[in-house]
Amino acid sequence: MQYSILMLFFVLAALLVGIFLYVFLSSRQSNGQLTGMANALQKRFWFVLILFSILAIFASVTIPKSPYFLFSGEQPSKVVYVAARQFYYVMSYQAIDPASPTGESSIELNTNELVEFRVTSLDVNHGFAIYSPHNELIAQTQAMPGYVNRLRWKFSEPGLYTVYCLEYCGMAHQAMKTTITVK
Amino acid sequence: METTRFNKITSLWIITVLVLFVVAITLGIIMRLNQSELITVSPITFYTDMTVHGLTMIGIWFVAGMAAVNFIMERYVKTSHGVNVFAYVMTVVGVLLLWASTFFGRFHAGWTFLYPLPFKVMWKSWATPTFYFSLAVLGVGWLVWCLSLVSSLLKKYSLKEVFAWQHFSKNPKTETPPFVLIAMISLVGIITCLLAAVILLVLTFAEYYSKGSFVNDALLMKNLTYFFGHTIANEMLYLGLAILYELFSEISGRPKWKTTWYVALAWNFTLIFILTAFFHHLYMDFVQPEGFQIIGQIASYSASLPAAGVTVFSVIVAVYRTKINWSLANLLFFLGVTGWVIGGIGAVIDATISNNFILHNTLWVPAHFHTYNALGNVLFSLAFFQWFSAKYGGGSQRWSKVVLWLLLIGGIGFLTAFYIGGADSIPRRYSSYPEVFATAKTLAAFGALFATVYLSGVLVFFVNISKRCLKILLQRS
């Protein structure tokens, strides 16, 4: 998915570079002509209308795919409680007591079961980003003190998933991670 | 006499910005070299550098835009030289305090200093209040500066005129120059976000000095942080555009651009979009009301409409098949618009919630904002520096083509490494990378190499411009 986005970006960037280069060369080769508008700030409603239509289509297609609406009509078959703190995660199938947070030694989930991660933090803001066995970021939410973010996800592929902290949380931020096994 | 005083303070701003720019780029290169493991610094040093790099870059390009806007504004209204100098002194004091808290106090909570991280002291205990105090000094200097410029504008233009609302009627009796309109829109946005920063600082100090009896709400603090941080980073770009609207046609030897109802409408809407787009920084905080998240995406998309529909298209129309007196200054403007719009595409992609789900806080984020800064906004300010120093300092521009090519090749190279890193899901703000991120070190080395090429372009430019600015500074009044 990320590489499709990258390709889209590169294609659009190349198109823009082409347009700007063409416009620049047309100026260099103008031989003293003055065909550009005297006041460049004239209305061009049609251009904005086209751009607006493209963006409106993009928005209407992508907003329903936002993570807040993922599997919202279904009941999760498993809940995993996550408490993040500098610089590790506590994960449990039961609610975690902030006063003495304890968790499971390992978290095991099944493919195609709906899991709800209830993610919070016991100190500063952290990230909770799930990476596939191929090391591709597939889902994430933030861990914020005083709040619980609910992330619903169905794992389609078995394997060892790694969770990384993606919100800068201090000097050992780069070492903060844990794993989830999917069978 | 008055002109000379403004020339001198503007020269001082330019030299200061360029010196700090060289320092900040060097810190960035050290970070990429460390990530590539070609050099080794401790994680604390890395994150300290990261904090200074981010804040310095935001600060200098903001003041560069302000100094340029202040200089050009003198064409239309009388501004206060004393306030300009006051803002300069406060900026220098603020930067020195910031460096003390970071380089000596080892404060390293990042440029966003996201609450409550600064309270979890992993550095010298005095560094936290010193850091916040440095922000307060910078904020007061900048707020006074903005308010002073707004008051100067309002002495000449009515509220209706300064926002160009008279252009909505059929035959407006007066014309609001595009520069005045854009400067006003930007200043109002900046004042609003600085007021959010004041609230943020008051809440922070309240908790800090309450010794635990008062605790802030993390979600509110995050909203305030990004309302301030996102908006000021965005507004510095719009300050650059105000300069472009004024100078691009002038340097190119073309008729001056004039405000139409269409331009007035676009820029008035821009203010609304800018002030609501910051919500996209909180997409991954699922407890934030969903309405705000959707507003974030729609506002971020909408912000591109007036930008692309008016500014970018106008520049293209102004240049297409038209004889232009190309010089380093207007080439920098033209390239800056290209970089800005390409960075804008990267930003719109990331501002799409379903994309942000897999791109947030990966290298895609520094990729897009470095694009519209390093190859966009920075080039707008460099264009002003070039135009100003050549006009008032004299002398011919040497090495123009070399500067342009070094900035372009260096910029494209180090940005490409960021974009590919984002597509490879590599996290941002990691002092070193876990081994599983196979491409991370190579991309970091590649990024450092090309950032050095970009730096060498900046150095050549710096030598040329500083000579002229020093000449202006040393001129007798």
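Take the stretch B:310-337 and flag every residue that is buried (at least 24 other Cβ atoms within 10 Å of the Cβ) and not hydrophobic (A, V, I, L, M, F, W, C).
Across the stretch B:310-337, the qualifying residues are B:THR311, B:SER314, B:ASN330, B:GLY336.
Given the criteria within 14 Å of another protein chain (Cβ to nearest Cβ), modelled with pLDDT of 95 or more and open to solvent by 10 Å² or more (accessible area, probe 1.4 Å), does B:TYR226 qualify?
yes
Counting only residues that are open to solvent by less than 70 Å² (accessible area, probe 1.4 Å), facing another protein chain (nearest Cβ under 9 Å) and at negative phi, give me the strands (runs of 3 or more DSSP E) lying completely in the stretch A:58-147 with at least 3 of them.
A:126-131, A:137-143
What's the number of the condition A:SER156 fails, among (1) out of contact with any Cys (no Cβ under 6 Å at 6 or more places or on another chain); (2) within 14 Å of another protein chain (Cβ to nearest Cβ); (3) in a loop (DSSP other than H, G, I, E, B)?
(2)
Cβ-Cβ below 6 Å, separation at least six or inter-chain, first residue in the stretch B:434-460 and in a loop (DSSP other than H, G, I, E, B), second of a type in the set (A, V, I, L, M): which pairs?
These pairs meet every condition: B:PHE437/B:ILE426.
Hey, which of the helices (runs of 4 or more DSSP H) in the stretch B:308-360, taking only ones fully inside, have at least 3 residues that are of a type in the set (S, T, N, Q) and more than 17 Å from the chain's Cα centre (by Cα)? So that I can check it myself, show each step before the final result.
Values: elements: B:313-319, B:328-350, B:353-359.
Ranges flagged: B:353-359.
Can you say whether B:SER354 is touching a helix residue (DSSP H, G or I) at 6+ places or on another chain (Cβ under 7 Å), within 12 Å of chain A (Cβ to nearest Cβ), surrounded by fewer than 22 Cβ atoms within 10 Å (Cβ to Cβ) and more than 23 Å from A:GLY170 (Cα to Cα), as far as the supplied structure shows?
So B:SER354 passes the test.
Between a residue in the stretch B:32-47 that is at positive phi and any residue that is at pLDDT 95 or above, which pairs come within a Cβ distance under 9 Å, given they are 6 or more apart or on different chains?
Here the result reads B:GLU37/B:SER432; B:GLU37/B:TYR433; B:GLU37/B:LYS441; B:GLU37/B:ALA444; B:GLU37/B:ALA445, each pair linking the stretch B:32-47 to a residue that is at pLDDT 95 or above.
Report, by residue number, each residue of the stretch B:287-309 that is farther than 20 Å from B:THR270 by Cβ and surrounded by 21 or more Cβ atoms within 10 Å (Cβ to Cβ).
Scanning the stretch B:287-309 gives B:GLN288, B:GLN293.
With the condition kept exactly as written, say whether any residue in the stretch A:167-183 is surrounded by 16 or more Cβ atoms within 10 Å (Cβ to Cβ), more than 7 Å from chain B (Cβ to nearest Cβ), out of contact with any Cys (no Cβ under 9 Å at 6 or more places or on another chain) and among the basic types (Lys, Arg).
Within the stretch A:167-183 (the criterion being surrounded by 16 or more Cβ atoms within 10 Å (Cβ to Cβ), more than 7 Å from chain B (Cβ to nearest Cβ), out of contact with any Cys (no Cβ under 9 Å at 6 or more places or on another chain) and among the basic types (Lys, Arg)), the answer is no, since none of the residues qualifies.
Residues to consider are B:PHE21, B:PHE86; find the one that is over 20 Å from B:LEU247 (Cβ atoms) and open to solvent by 10 Å² or more (accessible area, probe 1.4 Å).
Answer to the check: B:PHE86.
Read through the list (1) surrounded by fewer than 24 Cβ atoms within 10 Å (Cβ to Cβ); (2) more than 19 Å from B:GLY376 (Cα to Cα); (3) within 8 Å of chain A (Cβ to nearest Cβ), then give the number of the only condition that B:THR362 fails.
Condition (1) is where B:THR362 drops out.
Take the residues in the stretch B:171-216 that are touching a Phe, Trp or Tyr at 6+ places or on another chain (Cβ under 8 Å) and of a type in the set (Ser, Thr, Tyr), then tell me which one is surrounded by the fewest Cβ atoms within 10 Å (Cβ to Cβ).
B:TYR208
Within the stretch B:106-121, count every residue that is open to solvent by 30 Å² or more (accessible area, probe 1.4 Å) and either without any contact (Cβ under 8 Å) to a residue 40 or more places away in the chain or not in a loop (DSSP other than H, G, I, E, B) (or both).
Result for the stretch B:106-121: 3.
Select from the stretch B:224-251 the residues that are farther than 30 Å from B:ALA390 by Cβ and touching a residue at least 60 places away in the same chain (Cβ under 8 Å) and list them in ascending order.
The answer is B:THR225, B:TYR226, B:GLY229.
So B:VAL403 ticks every box in (1) assigned to a helix (DSSP H, G or I); (2) modelled with pLDDT under 95; (3) surrounded by fewer than 24 Cβ atoms within 10 Å (Cβ to Cβ) but one. Which box is left unticked?
That leaves (3) as the condition not met.
Given the criteria out of contact with any Leu (no Cβ under 6 Å at 6 or more places or on another chain), closer than 27 Å to B:LYS441 by Cβ and among the β-branched types (Val, Ile, Thr), does B:THR51 qualify?
yes
If B:LEU97 meets every condition in (1) closer than 21 Å to B:TYR208 by Cα; (2) open to solvent by less than 40 Å² (accessible area, probe 1.4 Å) apart from one, which number is that one?
Going through the list (1) closer than 21 Å to B:TYR208 by Cα; (2) open to solvent by less than 40 Å² (accessible area, probe 1.4 Å), B:LEU97 breaks only (2).
Looking at the stretch B:275-291, can you tell me whether even one residue there is facing chain A (nearest Cβ under 7 Å) and in a helix (DSSP H, G or I)?
yes
Is it the case, given these coordinates, that B:ILE30 is buried (at least 21 other Cβ atoms within 10 Å of the Cβ) and closer than 30 Å to A:MET171 by Cα?
Working: buried (at least 21 other Cβ atoms within 10 Å of the Cβ): no; closer than 30 Å to A:MET171 by Cα: yes.
So B:ILE30 fails the test.
Taking only pairs six or more apart or across chains, which ones have beta-carbon atoms under 8 Å, a first residue in the stretch A:93-116 that is farther than 22 Å from A:PRO76 by Cα, and a second residue that is open to solvent by 40 Å² or more (accessible area, probe 1.4 Å)?
What qualifies is A:PRO98/A:LEU122; A:PRO101/A:ARG85; A:PRO101/A:LEU122.
Scan the stretch A:137-183 residue by residue and report those that are in contact (Cβ under 8 Å) with a residue 24 or more places away in the chain and among the β-branched types (Val, Ile, Thr).
A:THR141, A:VAL148, A:THR162, A:VAL163, A:THR178, A:THR179, A:ILE180, A:THR181, A:VAL182
The values are calculated or read from the model by the stated rules, or taken from the named source; none is laboratory data. Here the structure is a predicted model, which means the values were calculated and not measured. As a convention, Cβ positions derive from the backbone with ideal geometry for all residues, glycine included, and neighbour counts pool all protein chains shown. Heads up: the accessible areas ignore ligands, DNA and RNA and are worked out on the full protein's heavy atoms, side chains in. Shrake-Rupley method; radii C 1.70, N 1.55, O 1.52, S 1.80 Å.
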